[in-house]
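This is the structure I have questions about; it appears just below.
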Amino acid sequence: MKKLKSTLPNMVIVLTVTTMIAGFLLGYFYQSTAEAREKAAKEKLVGAISQVVSGFDNDPSAEKTEIMVDNQQVVIYPAMRGGELIGCAVESSSNNGFSGKITIVTGFDRDCNILGYNVISHAETPGLGAKMNEWFRNDSNRSVVGRNPINKVLKVTKDNGEIDGITAATISSRAFLEAINTAAEGAMTYYQQSTK
């Protein structure tokens, strides 16, 4: 086989063909794995909902409702038992994390007390902001579980609040609490609308 001459048109042709083949292969594998990725994301969400609110006998993900809270969309997953609303899980987020968006699912009882939470996505620094999935469960000075953000907005102690933020990760802590407070407002709005 004769070697192609190293000219600009030949280089452009080879690069174009190589790029087209690579693009086709990437697109093919992306499409072929779309169903598996979607299924994994749904299973992760269902797992997060069952971790933050329990005792329901319905399918909260099938009955979800979207609500706007301060120009931000939150997703409400109602938890029902015997046809009666016992609480809800709320998916909310904050774009103010140290490394970008933080998305959380938070469980609330009918009085908007926090039952639990699960961080489902973030890009925070490992060893610092990434600790949020466990940090805010332990120790009474930093736990959000059992608190009611409607009665008193949750803030870190550096902002004159009652929650001890993650050491050396105040920005991540603020973003986490922002997402929790937004979720609580969404839950309260949903409860008010569901009793009308």
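All of the numbers you see were taken from the coordinates with simple rules; none came from a lab. Keep in mind that what you see is a predicted model, and the values were worked out from it rather than measured. Positions of Cβ are backbone-derived with ideal geometry, glycine not excepted, and every protein chain shown enters the neighbour counts.
What's the extension gain from Leu25 to Asn58 if we count 0.36 nm per residue and subtract their Cα-Cα distance?
So the extension gain works out to 7.8 nm.
If you don't mind, there's one more thing I want to ask. Mind putting a number on the dipole of the chain about its Cα centre? Charges go on the C-beta only, +1 for Lys and Arg and -1 for Asp and Glu, and I need it in Debye to the nearest 20.
For this selection, approximately 980 debye.
Per-residue HN-Hα couplings for segment 117-123, Karplus 6.51 cos²θ - 1.76 cosθ + 1.60 at θ = phi - 60°, whole Hz, x for Gly and Pro?
For segment 117-123, the Karplus curve yields 8, 8, 7, 9, 7, 6, 10 Hz.
Please compute the contact order of segment 40-194 in relative form: average sequence separation of alpha-carbon pairs under 8 Å and at least six residues apart, divided by the residue count, as a percent.
22 percent
List, in order, the whole-Hz ³J(HN,Hα) value for each residue of segment 173-185 obtained from phi through the Karplus relation with A = 6.51, B = -1.76, C = 1.60 and θ = phi - 60°; use x for Gly and Pro.
Result, ordered by residue: 5, 4, 5, 4, 5, 4, 5, 5, 4, 5, 4, 5, 5 Hz.
Which entry in (1) 102; (2) 116; (3) 187 matches volume of the Cα convex hull per residue in Å³ derived from the coordinates of this structure?
Matching the structure shown: (3).
Hey, what angle do you get for helix 8-32 against the long axis of the chain, alpha-carbon based, 0 to 90 degrees rounded to 10?
Rounded to the nearest ten degrees, it is 40.
To test your reading of the geometry: what angle, between 0 and 90 degrees and rounded to tens, separates the Cα axis of helix 34-52 from the longest principal axis of the chain?
Orientation of helix 34-52: about 20 degrees from the principal axis.
5 Å is the cut-off here: which amide hydrogens, built 1.01 Å from N in the peptide plane, fall below it relative to Asn96, excluding neighbours closer than 5 in sequence?
Long-range HN contacts for Asn96: Ile102.
Length gain on complete extension for the stretch Asn148 to Glu43, per 0.36 nm per residue less the alpha carbon to alpha carbon distance?
Here the segment from Asn148 to Glu43 would lengthen by 35.0 nm.
In nm, to one decimal, how far is the Asn133 label point from the Met68 one, both placed 7 Å along Cα→Cβ?
3.3 nm
Considering only DSSP beta bridges whose two residues both sit in the chain, what percent are antiparallel, to the nearest 5? If you can, show how the numbers build up before the last one.
Numbers: 27 of 28 bridges.
In the chain, DSSP labels about 95 percent of beta bridges as antiparallel.
Oh, and also: Evaluate E = 1/(1 + (r/R0)^6) for Gln193 and Thr103, where r is the Cβ-Cβ distance and R0 equals 25 Å; express this FRET efficiency to the nearest 0.05.
Here the calculated transfer efficiency is 0.60.
Moving on. Collect residues whose amide H, placed 1.01 Å from N in the peptide plane, falls under 5 Å from the amide H of Met80; neighbours closer than 5 in sequence don't count.
Those qualifying (amide H under 5 Å, at least 5 residues apart or on another chain) are Asp57, Asn58, Ile86.
With the cut-off at 25 Å, tell me which of the pairs Lys42/Lys158; Lys39/Lys155; Lys101/Lys155 have Cα atoms farther apart than that.
Lys42/Lys158; Lys39/Lys155
Additional query: Cα centroids of segment 39-67 and segment 88-126: how far apart, whole angstrom?
That distance is 14 Å.
For the charge dipole of segment 40-194, defined by +1 on Lys and Arg C-beta atoms and -1 on Asp and Glu C-beta atoms about the Cα centroid, which residue among Met132, Met188, Ser94 has the Cα displaced farthest towards the positive pole?
Of the candidates, Met132 comes out farthest on the positive side.
Ok, one more. Points 7 angstrom from Cα along the Cβ direction at Val12 and Gln51: gap in nanometres?
5.3 nm
What are the ³J(HN,Hα) couplings of segment 128-141, residue after residue, when phi is run through the Karplus curve with 6.51, -1.76, 1.60 and θ = phi - 60°? Round to Hz, x for glycine and proline.
10, x, 5, 6, 4, 5, 10, 3, 8, 9, 9, 6, 4, 7
Below 8 Å between Cα atoms, with a sequence gap of 6+, how large is the relative contact order for segment 10-102 in percent?
It comes to 17 percent, rounded to a whole number.
Could you tell me the calculated FRET efficiency between Ala36 and Asn141, based on Cβ-Cβ distance and R0 = 35 angstrom, to the nearest 0.05?
0.25
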